[in-house]
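The values are calculated or read from the model by the stated rules, or taken from the named source; none is laboratory data. For clarity, every value in this text was computed on a predicted model and none was experimentally measured. As a convention, Cβ positions derive from the backbone with ideal geometry for all residues, glycine included, and neighbour counts pool all protein chains shown. Quick note on the areas: whole protein, heavy atoms, side chains included, nothing else; ligands and nucleic acids left out. Shrake-Rupley method; radii C 1.70, N 1.55, O 1.52, S 1.80 Å.
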Protein chains: 2
Amino acid sequence: MNTRSTPENDLIRRIRAVGAGGARLNSALRLGIGDDAALFSPRRGYETVLTCDWFLEGTHFLRDRHPADSVGWKSLARAVSDIAAMGAEPRCFLLSLALPDSHTGRWLNEFLAGLRRAARKFNCPLAGGDTTRRNEILMNVTVVGEIASGRALLRSGARPGDIIYVSGRLGEAEMGLQLIRSKRHFANRNPALRKHLYPEPRIAVGRWLANRRIATSLMDLSDGLSSDLPRLCAASGVGARLHASRIPAVQEPNRPSAKNVDAIDLALNGGDDYELLFTVRPSKTGQIPRAFQGVPLTAIGEITRGQKLTLVQPDGRERPLPSGGWDPFDKSRRTAATPL
Amino acid sequence: MNTRSTPENDLIRRIRAVGAGGARLNSALRLGIGDDAALFSPRRGYETVLTCDWFLEGTHFLRDRHPADSVGWKSLARAVSDIAAMGAEPRCFLLSLALPDSHTGRWLNEFLAGLRRAARKFNCPLAGGDTTRRNEILMNVTVVGEIASGRALLRSGARPGDIIYVSGRLGEAEMGLQLIRSKRHFANRNPALRKHLYPEPRIAVGRWLANRRIATSLMDLSDGLSSDLPRLCAASGVGARLHASRIPAVQEPNRPSAKNVDAIDLALNGGDDYELLFTVRPSKTGQIPRAFQGVPLTAIGEITRGQKLTLVQPDGRERPLPSGGWDPFDKSRRTAATPL
């Protein structure tokens, strides 16, 4: 063979297996890993949706705390969530991977197994990427999606009077992270832990909202409601009023008394939930079921004129929405929302 | 304004300016930075070409040696080169950027200026990305390109008897890196230094080869001829014979005697040239001019049956092609080709 067996070529061969077996055959992907670039045949009448996401040791995960297969799953899931947040479907992804020599064996195999499971689940095969050696584990994932032309749901479409909804339960991923930190996770199968390690982007909910033209705006919750809702409001030029008592927060069976304090804080400021935040005209709220394919959909407030963001507290008082979400460039705000 | 002025939001605003002014208005890019993902309208009858590339401090550039505007230019240029290496044209790009707090001021401004110049030059506007804080400067660039369906030039098309060509002059970028390392670069305007700091991907050459159906295979030279030619041969299932005396190597006016030794080594093993390597049926070599739009095109050997790669040396002896190019996972081979 003249395919010289160099360390880099060998690594690329192992990663390529994710492309071959990682998802149902995607006929749109004409050429995957192994050439200078991948070739993808777009569908007529569709727009291409593009997103990329960092996934970095120390910033987004801990080498010694997070299982390698969770790192693989989550690296793809969080980028796919951005595609779901447009109402689109993922089609393929590119992986840039930097690894220490010490992690090219068992760790890499488990990482690739988690990545392959996610690629199958989201029907999103690996199309290409880049690899290099590095002391730290670094990843960047680019996902390419598609949506029927003109159907994408943007952040900018919310109007005063629209009702604000979220999918799922907020704050669970943050609680899962706290379990990981405290090392208690080895002893239980807490759903919050599962949500933190293996988040499931809400592709079906997003697609349904876009296809039926039900929502006026849509985004995903990655940094926490208190950071992400202001972004949606800014893009739409509106304000918002949230009702703390309506927010679907974490339920801790053993600590019912803590709900009003910790759970709301987790729901507002916890990152990594990858749930959807969307707005609906009041005339269309009748089309929103309590749950879609098992995922709860909950009205938590309304879009207002002006630019204020407020939170109606359980005692009925309305106060400015505190901003405590994840901001990597703000050292003064390392609160519950700081991932690591 | 309810666009809260957080550090991360401010950073995104400054980067967004590259998207707005970075290239001629690209009507295909319907939605750029600021939403969960970018929207791109593919052209009918075209395929989408996808690539991503690391650009990491310490591995690919040195924070204290490489000017920030070169880091910006090169981060885009090297990924665009993968698009040129398919015969395609770039359409837009995504930037993932991790920065220390200390580099969010002047360094970032100069970096963005270099990136903006490259985006204009390659007609490839910024469409989106991701930012985070990090002690080291890390980048990942994804480029989306397009090519008429079925016209992409792959690595796998070379056949025995085809003539092997390269564009430009090989080894200049490696020599430029040596100047950077030796600090002599502040005193001269060596073209090798320019090639190292501001490489120009051969978009026009690649497009011409693909449109005219002149080449049977095509790739770009990023790791060095001795690493990259084996990849093309492996993909095509062929061997190759190179002629050392025909390789367009670096010319050092002050050291003519050194040409046969150092210059050939640089040309074979130097990385970062971003020239094109392609093969042409003997019946079509008459269509290859000595230069295309000022870029020299040089026949350096021929594709052979079997799997051997050989180098005919200036003295006429034929020997196995030594493999000395850049492999980030091979610690035993840190030669001239090791970028840093």
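Can you give the Kirkwood hydrodynamic radius for the stretch B:1-142, in Å, rounded to one decimal and based on Cα pairs? The partial results should precede the final answer.
Numbers: mean 1/r = 0.0646 Å⁻¹.
About 15.5 Å for the stretch B:1-142.
Can you list the residues in the stretch B:77-94 whose accessible area drops by at least 50 Å² when all protein chains are present, compared with the chain alone? Use a 1.4 Å probe, heavy atoms only.
Residues losing area: B:Met86, B:Leu94.
Do any residues of the stretch A:196-237 show a loss of at least 30 square angstrom of accessible area between the isolated chain and the full protein assembly, using a 1.4 Å probe, and if so which?
A:Pro230, A:Arg231, A:Ala234
Find every distance from the label point of A:Ser182 to the corresponding label point in the other copies (7 Å from Cα along Cα→Cβ) and write them in nm, one decimal, shortest first.
A:Ser182 label point versus its equivalents elsewhere: 6.2 nm.
Might you work out the accessible area of A:His243 for me, using a 1.4 Å probe with all protein chains in place, and round it to the nearest 10 Å²?
A:His243 has an accessible surface of roughly 30 Å² with all protein chains in place.
Among DSSP bridges having both ends in the stretch B:22-137, what percentage is antiparallel? Round to the nearest 5. Each step should come with its number before you reach the end.
Details: 2 of 11 bridges.
Counting DSSP beta bridges with both partners in the stretch B:22-137, the antiparallel share is about 20 percent.
Per residue, how much accessible surface does the protein assembly as shown expose to a 1.4 Å probe? Answer in Å², no decimals. Provide the component values of the computation, followed by the final result.
On the way: 26160 Å² over 680 residues.
Accessible area per residue: 38 Å².
If every alpha-carbon in the protein assembly as shown counts as one equal scatterer, what log10 I(q)/I(0) does Debye give at q = 0.05, 0.09, 0.10 1/Å?
Debye output, listed in q order: -0.24, -0.75, -0.91.
Under 14 Å from the Cα of B:Lys183, which aspartates and glutamates turn up, not counting those fewer than eight places away in the same chain?
B:Asp64
To one decimal in nm, how far is A:Arg106 from the same spot in the other copies, if labels go 7 Å from Cα toward Cβ? Please give the shortest first.
So the distances to the same position in the other copies read 5.0 nm.
At a 1.4 Å probe radius, which order do B:Tyr46, A:Tyr165 fall into by accessible area, largest first? Walk me through the intermediate numbers first.
On the way: B:Tyr46 70, A:Tyr165 20 Å².
These residues rank, largest area first, as B:Tyr46, A:Tyr165.
Accessible surface of A:Thr279 in the full protein assembly, 1.4 angstrom probe, to the nearest 10 Å²?
Rounded to the nearest 10, the figure is 0 Å².
Enter the angle in degrees (range 0 to 90, nearest 10) between the Cα long axis of helix B:172-182 and the first principal axis of the Cα atoms of chain B, meaning the one along which they spread out most.
The helix B:172-182 is inclined about 60 degrees to chain B.
Tell me the distances, shortest first, between B:Arg213 and the same position across the other copies, using label points 7 Å along Cα→Cβ, in nm to one decimal.
Taking the point 7 Å beyond Cα along Cα→Cβ, the inter-copy spacings are 4.4 nm.
Return the Cα extents of the stretch B:162-241 along principal axes one, two and three, sorted largest first, each rounded to a whole Å.
Extents along the principal axes, in whole Å: 45, 26, 15.
Only helical DSSP H runs with n ≥ 4 go in: add -39500 (n - 2.57) per run for the protein assembly as shown, normalise by residue count and round the 222 nm mean residue ellipticity to 500 deg cm²/dmol.
Computed ellipticity for the protein assembly as shown at 222 nm equals -8500 deg cm²/dmol.
Exactly which trypsin sites (Lys or Arg not before Pro) in the stretch B:112-219 are in a DSSP loop and have at most 13 other Cβ atoms within 10 Å? Write out the running numbers ahead of the final one.
Numbers: sites: B:Arg116, B:Arg117, B:Arg120, B:Lys121, B:Arg133, B:Arg134, B:Arg151, B:Arg155, B:Arg169, B:Arg181, B:Lys183, B:Arg184, B:Arg189, B:Arg194, B:Lys195, B:Arg202, B:Arg207, B:Arg212, B:Arg213; in loops: B:Arg134, B:Arg151, B:Arg169, B:Lys183, B:Arg189, B:Arg202, B:Arg212, B:Arg213.
Answer by residue number: B:Lys183, B:Arg189, B:Arg212, B:Arg213.
Which whole-percent values make up P(r) of chain A when all C-alpha to C-alpha distances are grouped in 10 Å steps starting at zero?
Going out from 0 Å in 10 Å bins, chain A shows 6, 25, 32, 24, 11, 3, 0, 0 percent.
Grab the other residues whose beta carbon is less than 14 angstrom from that of B:Arg281, score K and R as +1, D and E as -1, and report the net.
Details: positive: B:Arg159, B:Arg212, B:Arg213, B:Lys284; negative: B:Asp162, B:Glu302.
That works out to +2.
Which loop-located trypsin sites (Lys or Arg not before Pro) does the stretch B:61-98 contain, where loop means any DSSP state but H, G, I, E or B and the Cβ has at most 13 other Cβ atoms within 10 Å? Write down the numbers at each step before the final one.
Values: sites: B:Arg63, B:Arg65, B:Lys74, B:Arg78, B:Arg91; in loops: B:Arg63, B:Arg65.
Answer in residue order: B:Arg65.
Which value, in square angstrom to the nearest 100, describes the accessible area buried between chains B and A on both sides, using a 1.4 angstrom probe? Write out the running numbers ahead of the final one.
Working: alone 16580 and 16570 Å², together 26160 Å².
Between B and A, the summed buried area is about 7000 Å².
What length, rounded to one decimal in nm, is gained on full extension from B:Lys308 through to B:Phe292, with 0.36 nm per residue of separation minus their alpha-carbon distance? Don't skip to the answer; put the middle values down first.
Working: separation 16, 0.36 × 16 = 5.76 nm, distance 3.07 nm.
Gain on extension, B:Lys308 to B:Phe292, equals 2.7 nm.
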